[in-house]
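A short worksheet on the structure shown next.
The values are calculated or read from the model by the stated rules, or taken from the named source; none is laboratory data. The structure displayed is predicted, hence computed values, not measured ones. Glycine also receives a Cβ, built like all others from the backbone with ideal geometry; neighbour counts cover every protein chain displayed. Accessible surface areas use protein heavy atoms only, side chains included; no ligands, DNA or RNA. Shrake-Rupley method; radii C 1.70, N 1.55, O 1.52, S 1.80 Å.
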Amino acid sequence: MSAALLVRALRQPATVEHLDAAQWNGLIAAAKAERLIATLAWRVDGMRLPEPVQPILRDARMDAAREARQALWEADRAAAALAPLGVRLVVLKGTAYAAAGLVAGQGRFIGDLDILVPRSAMSQVEPALMAAGWEWVKEDAYDDAYYRQWMHELPPMIHVERDRMIDVHHTILPLTARPKPDADALLADAVPAGENVWTLSPEDRVIHAAAHMLADGDLQGGLRNLWDIHCLCSEGGRAVPDFYLFLFERAAFHQLVPAVWRALRLAHDLYGTPVVAYRAPITVDYRLRASDRMFIARLLARDGWGRETRKLLVFAFYLRSHWLRMPPLMLARHLWTKWRKGHRPR
Amino acid sequence: MRHSLTLQIGPATFRIGSAWRQPVEELTRLYAGYPDRHDAIADFTVRLQPTGPLRRWVRPSILITGDHGLADAAPMSLAHGLLAAEMGMNLQMALGWRRHLLLHASSVEKDGRALVMTGESGSGKSTLAALLGERGWRLMGDEFALLDLDSGAILPFPRLVSLKNQAIGVVEDVVGAQRMGPMLQATAKGDIRHLVPRPDAVARMAQGAMPAMLLFPRFGHDAAIRPVGQGEAFMRLTQASTNYVALGEPGFAALTRFVTDVPACAMDFPSGEAAFDMIDRLWEDGA
Amino acid sequence: MPQEDRFLKPIKRYRIDPRDACRACALDDLTLLYHARSGQTHMVISPVPEILDSIEDGASVTADDLWDRLTQSYDLGDRGEALAQIGAQLEALEALGLVRAA
């Protein structure tokens with residue numbers, strides 16, 4: 001299984017020196033499919049690599065560097081658009097890691113710009129962005145109502161000239177999800193990263209990444225999300241002695257202990273994240289639970305051609321992600337509406 | 001995947017996997033003269049896979065994907081498997097190649113200098129390149145011209161030449177049937193048939209050439225030639241490039257150098273014969 | 001903003017952030033600017049390259065200041081018209097992120 005090969009290469013880069021050509025092909029295909037190819041390139045930098053591998057990894061790093069540059073530019077433009085409102089720009093995920101210069105940002109694929117703004121400011125943020133050239137991606141009544149009524153973000157917008165998307169969140173989970181993170185606290189504790197850009201606090205970054213991966217997602221791109229968590233925790237733990245205590249305290253405050261705990265167990269098992277166990281003041285261990293094994297099977301479901309295997313498991317997680325977000329009746333309605341439009345999980 | 005092969009075309013290596021035997025067999029026959037890269041580490045993975053669980057057997061339907069795929073790519077019938085494989089490779093190049101500036105253009109070489117022809121589908125650039133390749137020029141490629149970021153040279157990408165509709169008969173009359181692939185009827189772009197480049201074009205596929213002229217051919221119009229300004233050439237080439245933006249500043253430097261160094265003309269032509277005369281004259285005067 | 005503020009609005013100043021400096025290439029009929037921070041290529045004609053050149057030093061300028069600077073090297077014709085054009089260009093350049101409000 002090439003996903004397992006990828007996990008091992010990220011965890012112990014020196015092991016790639018012993019791969020044969022077929023394994024390299026599988027590793028590269030999996031890394032591209034999981035959007036971890038540039039991360040892999042960073043990790044194996046300095047290792048003895050076969051000659052044909054070197055330009056592939058060089059290209060990936062160049063792409064990632066350009067993406068980071070463009071992501072920071074999008075953040076700069078959004079900050080300029082929101083400056084007159086007195087709303088400070090809090091960026092999330094990849095853009096945040098790049099802005100703060102974190103290890104998690106090294107080689108990270110960055111897609112859309114994700115920002116977090118106070119819910120009370122949403123009605124001003126929308127026109128301010130539109131005045132600066134962003135527009136709605138699609139005019140679809142159902143999706144629009146769905147977003148506004150139930151989601152934690154505006155429907156996606158795209159910039160007319162730069163062709164880049166922005167997702168405006170007012171909290172980090174859909175309003176229908178059971179946990180209710182405290183969005184005001186997320187904003188209040190944000191830390192500056194550059195002259196006009198802010199990011200979540202180190203603990204909140206991990207909590208958001210875990211919520212995004214486990215309480216919100218169908219585990220598409222899960223290996224990358226988990227790699228983010230691994231990097232954020234490793235760096236956080238190096239900077240602050242009791243990082244994991246603060247993390248659990250904060251997770252409890254946001255009602256997200258189960259997601260964070262599971263994320264740490266998975267990251268520790270797959271990537272060897274140096275988590276810290278406690279007996280007091282709280283009891284935390286990182287032994288895998290039975291259900292964790294299903295998550296791991298899902299995360300590693302990719303073959304030597306980069307294809308997703310275990311279709312049923314993938315589908316089960318797709319259903320689960322909607323279950324987590326929505327009460328059952330709404331779930332039926334939403335899936336029905338999506339399926340009629342021909343949407344299927346990949 | 002059940003059937004696979006690894007191909008090298010110009011500087012790029014493709015690992016192609018298929019759920020069916022037929023596309024791989026056809027590729028093996030048509031690319032027989034290309035370097036054998038069995039077991040190589042490939043730049044790209046291409047997959048021809050069934051669009052659904054039953055589609056390997058029942059009305060087989062091919063989904064073209066790989067490292068890069070398009071969300072809305074139309075599935076293709078197994079009869080067009082060869083075309084699917086070619087499109088799969090093109091897709092990887094168009095979306096993933098970073099080592100050169102990729103121009104959607106054909107190119108031919110004579111005396112160490114390259115003629116680059118770009119235009120939309122139907123402009124005649126592929127047919128002209130194929131025919132010039134049989135008339136003393138070296139065919140460098142019919143689809144992608146690779147502009148080297150450091151040297152400014154054009155590098156070949158001599159995959160099979162894809163001929164459409166009327167061009168098929170015109171070229172077959174010149175080269176004979178043995179260098180042609182199977183006739184693929186009623187594809188989304190009409191009838192398509194592939195031409196195997198001459199052995200010389202394949203043998204020299206690592207050899208670049210400095211560009212000496214840029215042409216914007218347009219088939220089906222009265223013969224006319226007009227010079228194209230640098231600004232217009234730049235704009236049209238950025239539109240003809242799938243990786244100009246991705247390459248960033250090196251791409252900008254390479255493309256501005258190209259349009260300032262290489263004279264550009266738009267050429268309308270009513271027939272192949274007329275085009276050859278015009279190209280000969282332009283080549284002697286300008287290049 | 002309230003009506004009366006519009007008349008009290010301070011005269012806007014602009015400057016080039018050194019990080020926004022562009023790589024320029026003059027072609028026969030226009031100028032290309034490559035802006036590294038955004039990865040965008042801008043195709044411009046006079047007076048845009050001249051405006052950018054004249055504030056390359058990073059000074060913060062008003063449209064009036066710019067007119068003073070440009071008029072030393074170029075014949076700008078009617079001052080009122082030229083000022084309006086300079087002001088419009090500065091606004092467009094700010095929207096692109098090539099100059100910033102100072």
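Which one of these does B:Glu109 not meet: (1) open to solvent by 10 Å² or more (accessible area, probe 1.4 Å); (2) outside any strand (DSSP E or B)? Of (1) open to solvent by 10 Å² or more (accessible area, probe 1.4 Å); (2) outside any strand (DSSP E or B), only one is false for B:Glu109: (2). In the set B:Arg218, B:Arg257, only one residue is assigned to a helix (DSSP H, G or I), open to solvent by 10 Å² or more (accessible area, probe 1.4 Å), out of contact with any Lys or Arg (no Cβ under 8 Å at 6 or more places or on another chain) and not hydrophobic (A, V, I, L, M, F, W, C); that residue is B:Arg257. If I ask for residues that are over 16 Å from A:Thr171 (Cα atoms) and either within 14 Å of chain C (Cβ to nearest Cβ) or crowded, with 16+ Cβ neighbours inside 10 Å (or both), which ones from segment A:125-139 would you list? Answer for segment A:125-139, where residues must be over 16 Å from A:Thr171 (Cα atoms) and either within 14 Å of chain C (Cβ to nearest Cβ) or crowded, with 16+ Cβ neighbours inside 10 Å (or both): A:Ala128, A:Leu129, A:Met130, A:Ala131, A:Ala132, A:Gly133, A:Trp134.
For segment B:18-27, does any single residue satisfy the condition of being within 11 Å of chain A (Cβ to nearest Cβ), open to solvent by less than 30 Å² (accessible area, probe 1.4 Å) and under 22 Å from A:Ala30 (Cα atoms)? Talk me through it step by step, then tell me what you get.
From segment B:18-27, those within 11 Å of chain A (Cβ to nearest Cβ) are B:18-19; that's our starting set.
If we keep only those that are open to solvent by less than 30 Å² (accessible area, probe 1.4 Å) as well, we get B:18-19.
In the following step, the residues that additionally are under 22 Å from A:Ala30 (Cα atoms) were identified as B:18-19.
Scanning segment B:18-27, I find at least one residue that is within 11 Å of chain A (Cβ to nearest Cβ), open to solvent by less than 30 Å² (accessible area, probe 1.4 Å) and under 22 Å from A:Ala30 (Cα atoms), so the answer is yes.
Out of segment A:38-58, which residues are within 12 Å of another protein chain (Cβ to nearest Cβ) and either charged (D, E, K, R) or not in a loop (DSSP other than H, G, I, E, B) (or both)? Listed by number, the residues that qualify are A:Ala38, A:Glu51, A:Val53, A:Gln54, A:Pro55, A:Ile56, A:Leu57, A:Arg58. The number of residues in segment A:259-308 that are farther than 30 Å from B:Arg47 by Cβ, in contact (Cβ under 8 Å) with a residue 12 or more places away in the chain and in a loop (DSSP other than H, G, I, E, B) comes to 11.
So which strands (runs of 3 or more DSSP E) stay within chain C end to end and still have 1 or more residues that are open to solvent by 80 Å² or more (accessible area, probe 1.4 Å) and closer than 17 Å to B:Glu249 by Cα? Show your work before the answer.
Values: elements: C:22-26, C:31-35, C:40-44.
Filter on chain C gives C:22-26.
Which one is nearest to the chain's Cα centre (by Cα) among residues in segment B:149-185 that are in a strand (DSSP E or B) and more than 22 Å from B:Phe216 (Cβ to Cβ)? Walk me through it before giving the result.
First, pick out the residues of segment B:149-185 that are in a strand (DSSP E or B): B:154-155, B:161-164, B:180, B:184-185.
Subsequent filtering for residues that are more than 22 Å from B:Phe216 (Cβ to Cβ) retains B:180, B:184-185.
Details: B:Met180: 16, B:Leu184: 18, B:Gln185: 20 Å.
In this case the residue turns out to be B:Met180.
Taken over segment C:3-40, the criterion of being modelled with pLDDT under 90 and more than 9 Å from chain B (Cβ to nearest Cβ) is satisfied by C:Gln3, C:Glu4, C:Asp5, C:Arg6, C:Phe7, C:Leu8, C:Lys9, C:Pro10, C:Ile11. The condition of being among the aliphatic types (A, V, I, L, M), open to solvent by 10 Å² or more (accessible area, probe 1.4 Å), part of a helix (DSSP H, G or I) and without any contact (Cβ under 8 Å) to a residue 24 or more places away in the chain holds for B:Val245. Of the residues making up segment B:4-13, those that are open to solvent by less than 40 Å² (accessible area, probe 1.4 Å) and either polar (S, T, N, Q) or out of contact with any Asp or Glu (no Cβ under 7 Å at 6 or more places or on another chain) (or both) are B:Leu5, B:Thr6, B:Leu7, B:Gln8, B:Ile9, B:Gly10, B:Thr13. For segment A:59-100, residues that are more than 13 Å from every other protein chain (Cβ to nearest Cβ), surrounded by fewer than 21 Cβ atoms within 10 Å (Cβ to Cβ) and in contact (Cβ under 8 Å) with a residue 60 or more places away in the chain total 1.
Within segment B:152-173, which residues are open to solvent by 50 Å² or more (accessible area, probe 1.4 Å) and of a type outside the set (A, V, I, L, M, F, W, C)?
Taking segment B:152-173 as the starting set, the residues that turn out to be open to solvent by 50 Å² or more (accessible area, probe 1.4 Å) are B:164-166, B:170, B:172-173.
B:Lys164, B:Asn165, B:Gln166, B:Glu172, B:Asp173, listed by residue number.
For segment B:97-106, indicate whether the set of residues that are under 18 Å from B:Gly272 (Cβ atoms) and either modelled with pLDDT of 95 or more or hydrophobic (A, V, I, L, M, F, W, C) (or both) is non-empty. I'd like the intermediate steps shown before the answer.
Kept after step one, since they are under 18 Å from B:Gly272 (Cβ atoms), are these residues of segment B:97-106: B:106.
Checking which are either modelled with pLDDT of 95 or more or hydrophobic (A, V, I, L, M, F, W, C) (or both) leaves us with B:106.
Yes - at least one qualifying residue is present in segment B:97-106.
Within segment A:140-149, if we keep just the residues that are charged (D, E, K, R) and either part of a helix (DSSP H, G or I) or open to solvent by 90 Å² or more (accessible area, probe 1.4 Å) (or both), the residue that is modelled with the lowest pLDDT turns out to be A:Asp143.
Looking for something among the basic types (Lys, Arg), at positive phi and either free of Cβ contacts under 8 Å to residues at least 24 places away in the same chain or not assigned by TED's automatic domain parsing to the domain that holds B:Gly88 (or both) - is there at least one such residue anywhere in segment B:54-65? Within segment B:54-65, one or more residues are among the basic types (Lys, Arg), at positive phi and either free of Cβ contacts under 8 Å to residues at least 24 places away in the same chain or not assigned by TED's automatic domain parsing to the domain that holds B:Gly88 (or both). Looking across segment A:9-37 at every residue that is more than 11 Å from every other protein chain (Cβ to nearest Cβ), assigned to a helix (DSSP H, G or I) and open to solvent by less than 10 Å² (accessible area, probe 1.4 Å), the one that is nearest to A:Trp227 (Cα to Cα) is identified as A:Leu10. Scanning segment B:139-148 for residues that are farther than 20 Å from B:Arg98 by Cβ and either assigned to a loop (DSSP other than H, G, I, E, B) or not assigned by TED's automatic domain parsing to the domain that holds B:Gln207 (or both) turns up just one, B:Asp142.
For first residues located in segment B:166-191 and farther than 29 Å from B:Ser61 by Cβ, partners that are not in a helix (DSSP H, G or I) and lie 6+ apart or on another chain with Cβ distances below 7 Å form the pairs B:Val171/B:Leu163; B:Val171/B:Leu195; B:Glu172/B:Met180; B:Val174/B:Glu134; B:Val175/B:Glu134; B:Val175/B:Leu195; B:Arg179/B:Leu195; B:Arg179/B:Val196. When segment A:101-110 is filtered for residues that are in a loop (DSSP other than H, G, I, E, B) and open to solvent by less than 30 Å² (accessible area, probe 1.4 Å), the ones remaining, listed by number, are A:Leu102, A:Gly107, A:Arg108, A:Ile110. When A:Arg35 is tested against (1) on the phi > 0 side of the Ramachandran plot; (2) without any contact (Cβ under 8 Å) to a residue 40 or more places away in the chain, only condition (2) is not met. In this structure, B:Arg198 does satisfy being open to solvent by 10 Å² or more (accessible area, probe 1.4 Å) and away from chain C (no Cβ under 14 Å).
Considering only segment B:1-19, how many residues are within 18 Å of B:Leu160 (Cβ to Cβ) and modelled with pLDDT under 95? Step through it out loud before you land on a result.
Narrowing segment B:1-19 to residues within 18 Å of B:Leu160 (Cβ to Cβ): B:5-16, B:18.
Checking which are modelled with pLDDT under 95 leaves us with none.
Result for segment B:1-19: 0.
Would you mind stating whether B:Arg47 is out of contact with any strand residue (DSSP E or B) (no Cβ under 7 Å at 6 or more places or on another chain), buried (at least 17 other Cβ atoms within 10 Å of the Cβ) and charged (D, E, K, R)? Here the answer is no, as B:Arg47 does not meet what is asked. Taken together, B:Pro50, B:Pro35 contain a single residue that is away from every other protein chain (no Cβ under 11 Å) and more than 19 Å from the chain's Cα centre (by Cα), which is B:Pro50.
Only one of the listed residues (B:Pro250, B:Pro227) is within 22 Å of C:Ile45 (Cα to Cα), open to solvent by 30 Å² or more (accessible area, probe 1.4 Å) and either within 14 Å of chain C (Cβ to nearest Cβ) or of a type in the set (D, E, K, R) (or both). That residue is B:Pro227. Checked against (1) under 18 Å from the mean Cα position of the chain (by Cα); (2) in contact (Cβ under 8 Å) with a residue 12 or more places away in the chain, B:Gln239 passes all but condition (2).
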